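Only the coordinates and a few stated rules stand behind these numbers; no lab work does. All values reported here derive from a predicted model rather than from experimental measurement. Neighbour counts are summed over all protein chains in view; Cβ atoms, including those assigned to glycine, are modelled from backbone coordinates with ideal geometry.
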Amino acid sequence: MHEGESPASSRSAIRAGLGVTAILLVAAAVTMGVLWSRSPAKRAERLREQASALIADDPARAVTKATEATQLTPMDGEAWHTLGRAHFAMRDWEAAYNAFDTANVQGGYPRAQMRSHLAYAAWMVGAETSTAGDFARGISWMEKSLVEQPDDPRAVIAMASMYEHAQRWDESVATYERAIAMDPRQAFHGKHLARVAAMASAMARLRSDFAAAEDFLRRGEAADPGNALILGQHAAMALYRSEWKKAYQLFQQLESVDATQGRQVVEGKAYACWMLSVEAAEAGEHAEALRWMKESVALRPDDGRAVISLASCHAEMEQWPEAIEAYERGVKLEPSEAEGLRVYRAFAYWMGSVRASEAAEHEKALTRMERSVALDDTQGRAHLALAMCYGSVQKWVQAQRALERGAQLGADAGEVEATRVWLESVMPEDGGV
């Protein structure tokens with residue numbers, strides 16, 4: 001208080017000063033509030049709240065507002081999480097995953113609270129890209145899904161399916177097994193596992209890894225006992241190991257289990273029968289060889305090489321008419337084999353001619369012998385046989401020519417003379433003129 005100033009006036013001055021201070025403080029607070037309400041953080045908060053309210057009814061607008069919020073406060077995990085929810089509602093799975101991931105990595109939002117969303121979004125991206133044929137990218141996204149929820153057997157099954165479609169058979173088998181081990185209720189996928197195991201076995205067999213091929217078959221059988229595809233691969237394995245009888249029996253079993261495997265059964269059984277015929281022939285069991293070869297041809301009647309093999313079996317059994325018929329049918333089906341079989345066919349016709357002559361079927365004998373010589377004109381003895389056939393039907397001029405041709409080709413002189421004597425004995429005195 002100044003000298004001469006009353007106490008009352010001094011107190012008034014103090015109160016006035018305090019009032020001014022209060023006014024200044026209030027003004028400052030108002031100013032700060034206005035500034036705060038206009039700050040990026042507050043604007044982002046409002047946008048985030050607006051986006052959150054819009055997600056259910058207008059997710060597209062929610063994405064717009066949440067995106068603005070992340071641009072204002074890029075380190076705000078809540079903003080990124082809201083953006084992820086908005087994208088999730090839009091079924092924009094990749095964008096949703098990226099937003100959720102950023103919420104955690106950049107904004108510190110607890111990942112544990114988003115794992116189900118992250119896993120599902122990654123799963124959906126993987127499914128969509130795989131469906132579009134980009135299996136590598138689909139698998140990559142499915143791996144991200146499993147990082148978030150590694151114990152979800154349904155996700156593991158989805159990964160196994162992607163591996164299957166990408167023809168990564170080994171990984172598909174192992175992944176199906178993992179899912180079934182995690183949850184026995186997934187055992188109904190055993191059929192899928194067996195199907196993939198059959199393919200994995202086939203691929204291993206083709207690269208001559210028979211141990212791996214057998215292992216895949218064992219695992220496929222364990223998952224789905226009696227599976228037709230596994231059984232078919234067992235049969236194929238037997239073929240590769242030259243276990244012809246076992247292969248034949250397995251193909252028969254497969255035929256009774258699954259009629260849809262028709263082509264595989266026919267091809268496999270036919271080949272097994274053919275090889276069983278070869279084995280029997282090599283052992284001198286020609287009747288057995290013929291039996292197996294007949295079955296092979298019955299399964300594949302249009303297989304020219306099989307029909308030619310059947311002809312050889314008939315020839316070994318000296319069934320010449322059947323051999324002739326099979327040879328002719330075989331070369332029609334496989335014209336490229338005609339030249340190589342020319343001598344064999346000629347011999348079959350020759351022997352067939354002999355058989356007809358013995359049955360006094362002289363016209364048939366002549367027809368066959370003419371065919372034999374037409375196929376192979378280099379055999380002197382064949383021409384002598386032709387001469388006798390002509391003589392048997394009283395074609396004396398042709399008989400004489402055939403006799404002379406046989407002599408020209410170097411037939412045994414004694415046989416030439418014997419044929420001449422026989423012809424003279426049956427020929428009329430005027431020489432048939």
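In this simple spin-label model, placing a label point 7 Å from the Cα along the Cα-to-Cβ direction at both PHE210 and ALA374 gives a separation of 5.0 nm.
Based on Cα contacts under 8 Å between residues 6+ apart, the range 99-251 shows a relative contact order of 13 percent. Relative to the longest principal axis of the Cα atoms of the chain, the long axis of helix 7-37 lies at roughly 10 degrees. The number of Lys pairs in the chain with C-alpha atoms less than 23 Å apart, excluding pairs fewer than 8 positions apart on the same chain, is 9. Among the listed values [x] 82, 24, 17; [y] 35, 28, 18; [z] 102, 22, 14, the one matching semi-axes √(5λ) of the Cα gyration tensor in Å as calculated from this structure is [z]. Once the chain from ALA359 to VAL266 is taken as fully extended at 0.36 nm per residue, the excess over their C-alpha distance is 29.5 nm. Only alpha carbons enter this Debye calculation for the range 249-303, each as an equal point scatterer, and the log10 of I(q)/I(0) it gives at q = 0.22, 0.23, 0.27 Å⁻¹ is -0.77, -0.82, -0.97.
Per-residue 3J(HN,Hα) values for the range 82-96, derived from phi via the Karplus relation 6.51 cos²θ - 1.76 cosθ + 1.60 with θ = phi - 60°, read 4, 5, x, 4, 5, 4, 4, 5, 7, 6, 8, 5, 5, 5, 4 Hz in sequence order (x marks Gly and Pro). Between the range 387-414 and the range 256-327, the C-alpha centres lie 38 angstrom from each other. Rounded to the nearest 0.05, what FRET efficiency do GLN167 and VAL147 give with R0 = 25 Å and r taken as the Cβ-Cβ distance? Could you check? Between GLN167 and VAL147 the formula returns 0.55. Size descriptors for the range 276-433: radius of gyration and Dmax over Cα atoms are 18.0, 59 Å.
Would you mind calculating the relative contact order of the chain from Cα pairs under 8 angstrom and at least 6 residues apart, reporting the percent as a whole number? Relative CO of the chain lands at 5 percent. Label-to-label distance for VAL105 and ARG61 is 3.2 nm, based on points extended 7 Å past Cα in the beta-carbon direction. Give the angle, between 0 and 90 degrees and rounded to the nearest 10, that separates the Cα long axis of helix 244-257 from the longest principal axis of the Cα atoms of the chain. That helix lies at roughly 60 degrees to the long axis. Of the trypsin sites (Lys or Arg not before Pro) in the range 224-274, the ones in a loop by DSSP (not H, G, I, E or B) with at most 13 other beta carbons within 10 Å are ARG241. Considering helices alone, the calculated mean residue ellipticity of the chain at 222 nm is -25500 deg cm²/dmol, with DSSP H runs of length four and up weighted by -39500 (n - 2.57) and normalised per residue. Sparse packing (at most 15 other Cβ atoms within 10 Å of the Cβ) combined with a DSSP loop state is found for the following GluC sites (Glu not before Pro) in the range 328-360: GLU339.
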